[in-house]
Amino acid sequence: MAVMKDDVTRRDVVAALLAAPAVALGTQPAEWTLAQASQQIRKRKISPVELTRACLERIERLNSKVNAFITVMGEQAMAQARELDAEANRGKWRGPLHGIPIGLKDLVDTAGVKTTCASAIFADRVPTEDAEVAVRLKRAGAVIIGKQNMHEFAYGGTSVPSHFGAVHNPWNLERIAGGSSGGSAAAVAAGMCFGALGSDTGGSIRQPAAYCGLTGLKPTYGRVSTRGVIPLSWSLDHIGPICHTAADAALMLEAIAGYDPQEPTSADVPAERYSTGMNAKTAGLRIGVVRRLFFEQIDPQIETAVNAALDLIGKMTSGVRDAELPSYQTLPIIGVEAYTFHLPYITKTPELYQPSTRQRLEGALSVSATAYSAARREMDRLRQTVGAVFSNVDLLVTPTTPMNPATISESAKAEIPGPGGAPSSLRNTQPFDIFGLPTVSIPCGFTRESMPIGLQITGPRFGEARVLALAHAYQQVTDWHTKRPSIE
């Protein structure tokens, strides 16, 4: 059921949670969640080779429409799958990701395979080492199936400016898939892989997840290593999963979370068993709704869907109340840090950048060292003080985006934000990168034009299990996350 009746009681919701049957298994692998695919491999109903081949065949059929992949790692993926198949035949099981095809946003380094950041600058760049998250995924048994298209250098929210062409939303090919992890979200939505890793500096995991009807998790800042990931802003960059469900996100997070002593931004805080923690009861949770900013100038269809979700969540928890976040001015951090990384390239070959990327990078030249230093100090203060919000509530819920995805042609003409600013479509996501808090976007409805709508759930630092628990509970009594686009 997608929407519960108005007169439902909290007892009814709890009963539904306890009695909810598992989602019926689709007839084709493209209809499965990551968790379902994992169960099928574990039960020997399908092999890693068969599953990987099914994804590669789907990429071959559909990528020309969606443009989600820059590089398809067919030979490497099949070799990995055969190795994992042999291990399974010997009784070796690496865990829930064993044999599961996963995609990587094309800013995650892969040894011997191009990592381009969707730019002519790095069109022929071939790293010699895997990023730490790629190492951890492989260790967990994931099959890396390819590198996914994106907004050039992750500097925007459309995935239209790309040396390899715009990413198309599988729900409507004329519309954007969001950004900057647009290819990652489009690939999962189109059934080309069962999960993907994206990056999130201003909303680049959660906004594409919302636009493509998926679950996208931005962990706590420092929870997942960014070593070997081409940076946009090292003070704000996060890496996390994009997949169909909160259960899938928990499985992926377990594989990649944890301290990396070689990464300066990595937090030395033990990771949890998120797949277990997400089953925690939600009846006692206090839910805060931040209406200032997040509900202002919002599309009425999004507001209606989110309010309906809040009504349901209120019955699943101890109730919903108003909450406030610390206010802040635009912080010119991203532009300065991005320009610092790009200095060797933009001063030599500026013409190789997409025009909008070059304009944003050059805009950082107007930011003084004093302004940048003050912004960094203010961000540190905000991250230190935001925890007080959770003395009165356990989680925050807001709309993921204030607007529906624009068309690709509209996005090509969009206004370029100034240094530190974010596109208006990222207005609801950017604050949680600044605060560094764990945040997930999950589907909560559709517009009249059949475009997905996202709901954003945020928790305290290292509160990923609590965030996932509410997301999972909501998905147990709704079916928005089970919908798939028809693009065949």
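Restrict the search to the stretch 128-174; then list the GluC sites (Glu not before Pro) that DSSP places in a loop and that have at most 16 other Cβ atoms within 10 Å of their Cβ. Those that pass, being in a loop and sparsely packed, are Glu129, Glu174. Spin-label model, Ala123 to Val269: label points 7 Å out along the Cα-to-beta-carbon direction sit 4.3 nm apart. Per-residue ellipticity at 222 nm computed for the chain from its helices equals -10500 deg cm²/dmol, with DSSP H segments shorter than 4 residues left out and the rest contributing -39,500 (n - 2.57).
Between Trp93 and Thr27, the FRET efficiency from the beta-carbon distance, with R0 = 35 Å, is close to 0.85.
The distance separating the Cα centre of the stretch 397-450 from that of the stretch 297-337 comes to 12 Å.
Taking each residue as 0.36 nm, the span from Ala388 to Ser366 lengthens on full extension beyond its C-alpha to C-alpha distance by 4.5 nm. The modelled label-to-label distance for the pair Ala374/Ala79, using points 7 Å beyond Cα in the direction of Cβ, is 5.5 nm. Residue-normalised convex hull volume from the C-alpha trace of the chain: 132 Å³ per residue.
With both labels modelled 7 Å from their Cα along Cα-to-Cβ, the Ser409 to Ser450 distance reads 2.1 nm.
Every number in this text was worked out from the coordinates using simple rules, so none of it is lab data. Quick caveat, the model's predicted, so the values are computed rather than measured. Neighbour counts run over all protein chains shown; Cβ positions are idealised from the backbone, glycine included.
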